[in-house]
Amino acid sequence: MADNKKYYYIRLKENFFDSDEIKLLESIPNDGYKFSNILLKMYLKSLKYNGRLMFNERIPFNAEMLATVTGHSIGDIERAIEMFKKFGLIEVLETGEIYMLDIQSFIGKTSTEADRIKAYRRNIESKKQKGVQMYDKRTPEIETELDKELDIETEREQETENNQSSVVTPAKTQLLNSLQDNGIFISPNSVAFDNLIAFHEQDGMEIEVLLKAIEVASAAGKNSVSYINGILNNKLSKNILTLEQYEKDEKNWQDNQSNRQAESDLTPEQAKWLADRQRKREQHATS
């Protein structure tokens, strides 16, 4: 009798635990191996919703719920989530939804992996920007018989993709060095790193813009990939692609802040006089 159940699974390479992120994660005193265990359980829990950690179609997992389903304490879960964010392994939206950033590397056919990763990143950023409900596209539903298939051609495609993604360019080296100098340790072969360098390689931003965003994030005490992504997406939405444009935008923002502060120091009579004068100038300019 055929097995009609649906299965969700991930395929991990034999060197999964040799990756920079996992090694750094497990090297954390006392909690390292807990964190790697929590990470794997979160990967598995996210499969049903294509990398989103959801209890059902409407309710995302929170720390308390994750503690229950993983068998760890709430404190362990909260510390793990903060560490995963720092290592660029997850993205946490303002709505509380958690996205497992590397999940697309572990599911489905490798021939579509690159496209899925790009689409997945765009979907996350789109939801962050627009704050709308994402379409619940499920992971491939594959019967157990397919679990046993070993496609040699697909493995070759995977090897080719890995070789291409591992090419080190001067821009990648600059980006990686800047991240490490600011306490953000991610692998140059990780999805988190690919997401960042894509602003340069795909969106056309000068690498100096990415480096500037890292500096700004570090100065604000926000040493996380998600915060840097937020800065870059904000600039990209304004079509800011060069360092000159970036610095001009920042200057305009600072000038506006100064003007607002100066206006807040005016008396009501002074503010009214200033507004009347500005209105007359605008009328004169259009006459």
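The values are calculated or read from the model by the stated rules, or taken from the named source; none is laboratory data. Bear in mind that the values here come from a model prediction, so they are computed numbers and not experimental data. Ideal geometry is used to build each Cβ from the backbone, glycine not excepted, and the neighbour counts take in all protein chains shown. We work out accessible area using only protein heavy atoms, side chains counted, and drop any ligands, DNA or RNA first. Shrake-Rupley method; radii C 1.70, N 1.55, O 1.52, S 1.80 Å.
The simple spin-label model puts a point 7 Å past each Cα toward its Cβ; for L12 and D255 those points are separated by 5.4 nm. For the set M83, M42, the ranking by accessible area, highest first and with no ligand, DNA or RNA atoms included, is M83, M42 under a 1.4 Å probe. If you sort the three axes of the alpha carbon gyration tensor as a ≥ b ≥ c, you get a/c of 1.5 or more for the range 6-98 and a/b no higher than b/c, which makes it oblate. Under 5 Å between amide hydrogens, built in the peptide plane, is the criterion, and for N50 it picks out T139 among residues at least 5 positions away or on other chains. Backbone N atoms of the range 180-200 closer than 17 Å to the 7 Å Cα→Cβ label point of K222 belong to residues 182-184, 196. Pairs over the 32 Å Cα-Cα cut-off, from the set K212/K272; K13/K238; K13/K212; K85/K251; K85/K238: K212/K272; K13/K238; K13/K212. Just so you know, the Rg over Rh for the range 24-72 is 1.03, from Cα atoms, with Rh as the Kirkwood radius. Remark: spin-label model distance Q202-Q174 equals 2.1 nm, labels positioned 7 Å along the Cα→Cβ axis.
Separation of the range 38-110 from the range 229-250 is 30 Å, based on Cα centroids. The figure for D20 is an accessible area of roughly 80 square angstrom, using a 1.4 Å probe on the protein chains alone.
Among rounded, prolate and oblate, which fits the range 56-101 when a ≥ b ≥ c are the square roots of the eigenvalues of its C-alpha gyration tensor, a/c under 1.5 means rounded, and a/b larger than b/c means prolate? Because a/c hits 1.5 or more and a/b fails to exceed b/c, the range 56-101 counts as oblate.
With R₀ fixed at 35 Å, the C-beta to C-beta distance from T242 to T95 puts the FRET efficiency at about 0.60.
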